[in-house]
Amino acid sequence: MKYNTEVINEIAYMLAEMLKNAVLVQQKSEEGVVRIAQIETGMREALRQIGNQALSNLLSSLQTTPVAEIECECGGFLHYQRMREATVISVFGKTIYKRAYYAGCSCKKGKVPLDENWD
């Protein structure tokens with residue numbers, strides 16, 4: 001995965017502005033000094049939450065429009081049932097995304113093609 005320095009800098013600037021506002025609010029409410037360690041802890045948590053939501057959005061967006069039916073391993077056909085939630089544990093914590101679920105074949109098996117693509 002390649003990263004565009006310009007985009008990273010823009011996102012970093014936006015995050016810094018958001019955190020600056022949070023620090024100023026905290027300083028006014030506590031009328032004290034906010035330490036770098038507090039800023040760093042807040043930033044780490046904000047980045048974790050942003051990463052978690054971004055990963056969730058990315059995984060969900062990779063799901064294309066489901067087709068009505070797909071072929072089953074047994075030779076029959078599986079029918080689209082619904083968008084089903086999945087949870088993965090990532091460096092950002094539990095991340096939830098939605099993907100197409102197929103079932104209804106005579107062999108009683110279900111299938112989630114998006115999960116199979118990612119192994």
List every residue pair whose Cβ atoms sit under 9 Å apart, with the two residues 6 or more apart in sequence or on different chains, where the first one lies in segment 7-32 and is in a helix (DSSP H, G or I) and surrounded by 10 or more Cβ atoms within 10 Å (Cβ to Cβ) and the second, anywhere, is at pLDDT 70 or above and not hydrophobic (A, V, I, L, M, F, W, C). LEU19/GLY42; ALA22/GLY42; VAL23/GLN38; VAL23/GLY42; GLN26/GLN38; GLN26/GLY42
Filter segment 92-102 for residues that are in contact (Cβ under 8 Å) with a residue 40 or more places away in the chain and either of a type in the set (Gly, Ala, Ser) or assigned to a loop (DSSP other than H, G, I, E, B) (or both); the one that is farthest from ARG48 (Cα to Cα) is GLY93
When segment 72-91 is checked residue by residue, the ones that are surrounded by 12 or more Cβ atoms within 10 Å (Cβ to Cβ) and part of a strand (DSSP E or B) are PHE77, LEU78, HIS79, TYR80, GLN81, MET83, ARG84, ALA86, VAL88, SER90
Out of segment 33-77, which residues are touching a residue at least 24 places away in the same chain (Cβ under 8 Å) and among the hydroxyl-bearing types (Ser, Thr, Tyr)? SER56, SER60
List the number of the failed condition for LYS94; all other conditions in (1) basic (Lys, Arg); (2) touching a Ser or Thr at 6+ places or on another chain (Cβ under 7 Å); (3) surrounded by 13 or more Cβ atoms within 10 Å (Cβ to Cβ) hold. (3)
Going by what's in this entry, would CYS105 be described as in contact (Cβ under 8 Å) with a residue 24 or more places away in the chain and surrounded by 15 or more Cβ atoms within 10 Å (Cβ to Cβ)? yes
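The values are calculated or read from the model by the stated rules, or taken from the named source; none is laboratory data. In this text, all values refer to a predicted model and were calculated from it rather than measured experimentally. Quick reminder, even Gly has a Cβ in these numbers, built from the backbone with ideal geometry, and neighbours come from all protein chains shown.
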